[in-house]
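Quick note: the coordinates plus some simple rules give every number you see, no bench work behind them. Given the structure is predicted, the values throughout are model-derived calculations rather than measurements. In this analysis, Cβ positions are derived from the backbone assuming ideal geometry, glycine residues included, and neighbour counts consider all displayed protein chains.
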């Protein structure tokens, strides 16, 4: 029988009901505990929601970065990347597989696209540097000073491209240094190589202030700029002489092709013809670079200066045409002017692009005063000049060599990759160096601006 609760209490034992009640009281939460528990329960979804929002924020940030990266992949950048990939493979083919795998050159036709377009055109289109520098520093035409740094930059990059191209042209490019110590005074190529080295050095010195101005050390910067200013006139004079010699010597190379080069292009005055054609072509190339910079990189230039330069280009083209015509009639080339053959067609296309069309267009004030029309006219001048150099180096020699030379795609790839690299270098030089006065707008690529329509 169970004891009563009073007896259990007397013996020191708690009644069962009391113990049960006490345990239940301890097991059941109090009102404050229930309040805290309810608050914790309400806080848990909030923390979970915050964690979800944090994860979503990270996903949104990563998605934004991916979208931003994709937005930077433009058509022009894809094209440039493809050009460089093709150029990289062509470089591998040239140096690892040799001429036979990378070119269509042969012994009868040893000089092709790399010489005609890379060297002859590259050097000729760089003539604007010494022409503008001589006009400003030697003749005192201060009006052309805003064009000076652009002309020097174009020339410097042009000569760098020529030197890169020579590494592809030469059969043993690791011997390119030989003319420095192995002198052959009777070789035209010896004179050409020395003119390239010396004039490239002059161009590097003329271009150097644009880089030195970015040096943070004030004393070193001021010392160099002061020293550069003291030697500048002599530097420009030496550069003018060297570039003139170089332009002429390239024509002198083809004096060796008498009897092989077609009479429409062969002349004992090829050095003079090369020189006379290079100056207007170099000025036209400089004007193209300035127009594109104003149009796409938001720089500020008085485009009226380009109209004045165009008035110099037209008379020089006329002088070249007169000299060329007299030479054709005095050295037997005139009888081939109306014969139906590939060389004659190429000749008239060259003359139409380089002489007839530009002279007619530049004689009109409407063309000279419209930057867009002037730009396309300068493009005609450059195309005509390139046609002349390619005709001399390729077209005019095909009949005598009995080889119909068509460049291999790797030759085009290397040439195009070199030109593209020079164009990109010019773009970044204009953007980050003091080549042309900047406008406050952000640089853009191939975007029409109001200045282009001025």
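Highest mean first, what order results for 95-102, 214-221 on Cβ atoms within 10 Å?
95-102, 214-221
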Distribution output for the stretch 234-293: share of Cα-Cα pairs per 10 Å bin in percent, first bin at 0, values 21, 36, 29, 12, 1
Gyration tensor (alpha-carbon) shape descriptor, the stretch 312-353, a/c threshold 1.5: oblate
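Multiply the residue separation of residue 142 and residue 432 by 0.36 nm, subtract the distance between their alpha-carbon atoms, and state the gained length in nm to one decimal. Walk me through the intermediate numbers first.
Details: separation 290, 0.36 × 290 = 104.40 nm, distance 2.47 nm.
Gain in length upon complete extension: 101.9 nm.
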Return the FRET efficiency for the residue pair residue 174, residue 101: r is the Cβ-Cβ distance, R0 is 22 Å, and the value is rounded to the nearest 0.05. 0.70
Between residue 403 and residue 219, the FRET efficiency computed from the C-beta separation at R0 = 41 Å comes out, to the nearest 0.05, as 0.10
Within the stretch 122-138, backbone nitrogen closer than 20 Å to the virtual label 7 Å beyond the Cα of residue 163 toward Cβ: 122-131
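Order the peptides 376-382, 253-259 from the highest to the lowest mean number of other Cβ atoms within 10 Å of their residues.
On the way: 376-382: 21.9, 253-259: 15.0.
By packing density, highest mean first, the sequence is 376-382, 253-259.
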Would you mind checking the radius of gyration and Dmax of the stretch 197-285 based on alpha-carbon positions, in Å? 18.7, 61
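Please say if the stretch 76-126 is rounded, prolate or oblate, where rounded means a/c under 1.5 for a ≥ b ≥ c the square roots of the C-alpha gyration tensor eigenvalues, and otherwise the choice is prolate for a/b larger than b/c and oblate otherwise?
Oblate shape, in that a/c is at least 1.5 and b/c is the bigger or equal ratio.
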Two-site label geometry, residue 369 and residue 348: point separation in nm, points 7 Å out along Cα→Cβ: 3.6 nm
D for the stretch 79-453, whole µm²/s, Stokes-Einstein with Kirkwood Rh over alpha-carbon pairs at 10 °C and 1.306 mPa s: what number? 73 µm²/s
Given labels modelled 7 Å from the Cα in the Cβ direction, how far is it in nm from residue 227 to residue 340? 6.8 nm
